[in-house]
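K.L.:
Below: one structure in structure tokens.
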Amino acid sequence: MVEESEVKKKENERSSNGRKLGGSRIGAILVLIIAVGVTFLYTHKGKSCPCIQDSIKYTGIVEDCCCDYETVDTINGAVLHPLLQELVTTPFFRYFKVKLWCDCPFWPDDGMCKLRDCSVCECSENEFPESFRRLPLPADDLKCQEGKPEAAVDRTLDSKVFRGWIEVDNPWTNDDETDNGEMTYVNLLLNPERYTGYTGPSARRIWDAVYSENCPKYASGEICQEKKVLFKLISGLHSSISIHIAADYLLDETTNLWGTNPDLMYDRVLQYPERVRNLYFTYLFVLRAVTKAKDYLEQAEYDTGNPEEDLKAQSLMRQLLYNQKLQAACPVPFDEAKLWKGQSGPELKQQIQKQFRNISAIMDCVGCEKCRLWGKLQVLGLGTALKILFSVDGESRHDQHLQLQRNEVIALVNLLNRLSESIKLVQEMSPTFEKSTKRLSLQPAAKLISSWKRLWETVVGDRLRKLTL
């Protein structure tokens, strides 16, 4: 009996020691888990996921403009985008005259496209409006009212200047717009701006040449607004083009499936706040040019030989130019009068005009035909906006009146439509990325909690089960 009692006593002691040892191990594990958790929280204190930092809500006044982001989004979505989308489908704005085949003046063309979508479907001679083939009125046939007030920058245009389309060369662009040789008409609806597969060194060299040689980024803290304008315009145009490529992307070449590539849109534009801001700047800059030329554009002859469609184009143009909501919310999208002040003003203007002409010449080096088409159209549209806002010839001569050729107006309106669509896409896609990036930011914490739970269940749970045996 004594021996049996001694055995039971020893077993109880071993069991008690086991419980103490198990408790100490559990305590050590708890201390380890708490230490890891505290370390995680401390190292992430005040830090958010980089993606979240990029998901910036754009508010306040657009830099160097006269409207805020919220107003732009509202007016664009409710008024301008629907009008422009309908306007560019009318026969007058559907056909664009372009010189597609030009020798690159800077380097041999070695661009290669991997899709048939690089090519452009040209119009046959009997497809585009007959009125487009008529001889234009001579330039001296225009009669303009005289007596404009002297000012550093004229902010108004003559109210009676249009009596017919003329052929005048745009001093801001490289192509000779009066030379009809080698020009062809293209139906823009049949040649949408989209992904073409144009990639590689040739494509990169285009933008490298644009930025490094003609449009360098202004230094941080630059106070000269004139030096910022060209870079912001080209950056905004670049952002818009990238957005359109991502919005109409070949997702599956084997099944010819097209759709939106949100990751590409984010990688190229949406994760860079400056690129988005420059897009808004370019949009307001071009919108200002259109509204400044409203008297001219209202009286223009949108004649294609189709009376019903021509009246529709004229009506839509008037709705665009005299929209009360736009005039109330953003009467002057961009104030061009504050530029080119001081003694260096004329010199700066000539410098920017030269740089922009070089940029337009680079469009002849684009190795993809469809990319070249939309590059030329949008650069001409931007050059037309510059022409409207910064005088006819870049010399601030007030004795000259605005003269636009048909192709310039077509390019200007189509460019505004492209920018408008980009603004709408940014507004639509940004919330999607904000939600997804917030979910991503929660994943590290969720994974840590899950790891703790598995550790607890595996080690502590197993130890507790053994102790109860």
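K.L.:
Between their Cα atoms, which of Lys341/Lys370; Lys228/Lys312; Lys232/Lys292; Lys57/Lys325 are more than 30 Å away from each other?
P.N.:
Values: Lys341/Lys370 40 Å; Lys228/Lys312 38 Å; Lys232/Lys292 20 Å; Lys57/Lys325 24 Å.
Violating the 30 Å Cα-Cα cut-off are Lys341/Lys370; Lys228/Lys312.
K.L.:
Right, something else. Please give the peptides 381-387, 65-71 ranked by average Cβ packing (other Cβ atoms within 10 Å per residue), highest first, as a rough proxy for protection.
P.N.:
Values: 381-387: 26.9, 65-71: 17.9.
Peptide ranking by packing, descending: 381-387, 65-71.
K.L.:
Name the residues whose placed amide hydrogens come within less than 5 Å of the amide hydrogen of Trp258, ignoring near sequence neighbours (fewer than 5 apart) on the same chain.
P.N.:
Leu251
K.L.:
Carbon and sulfur: what percent of the stretch 241-322's accessible surface (1.4 Å probe)?
P.N.:
Numbers: 1510 of 3380 Å².
Carbon and sulfur: 45 percent of the exposed surface of the stretch 241-322.
K.L.:
Provide the packing ranking of 370-376, 354-360, i.e. peptides ordered by the mean count of other C-beta atoms within 10 Å per residue, highest first.
P.N.:
Numbers: 370-376: 23.4, 354-360: 19.7.
Most protected by this proxy first, the peptides run 370-376, 354-360.
K.L.:
Next up: Using label points projected 7 Å from each Cα along Cα→Cβ, tell me how many nm separate Ser344 and Val332, to one decimal.
P.N.:
The modelled label-to-label distance comes out at 2.4 nm.
K.L.:
For Arg205, what accessible area in Å² do you get when you roll a 1.4 Å probe over the heavy atoms of the protein chains, rounding to the nearest 10?
P.N.:
80 Å²
K.L.:
Using per-residue counts of other Cβ atoms within 10 Å, averaged over each peptide, order 192-201, 237-246 from highest down. Don't jump to the answer; show the numbers that get you there.
P.N.:
Values: 192-201: 16.9, 237-246: 22.5.
In descending order of packing, they fall as 237-246, 192-201.
K.L.:
Here is a further query. Arrange the residues Ser235, Ser315, Ser212 by how much accessible surface each exposes, largest first, with a 1.4 angstrom probe. The partial results should precede the final answer.
P.N.:
On the way: Ser235 10, Ser315 55, Ser212 85 Å².
Listed by decreasing accessible area, they come as Ser212, Ser315, Ser235.
The values are calculated or read from the model by the stated rules, or taken from the named source; none is laboratory data. Quantities reported herein were computed from a predicted structural model and do not represent experimental measurements. Glycine gets a Cβ as well: all are built from the backbone with ideal geometry, and neighbour counts include every protein chain shown. Areas reflect the complete protein model, heavy atoms only, side chains present, ligands, DNA and RNA absent. Shrake-Rupley method; radii C 1.70, N 1.55, O 1.52, S 1.80 Å.
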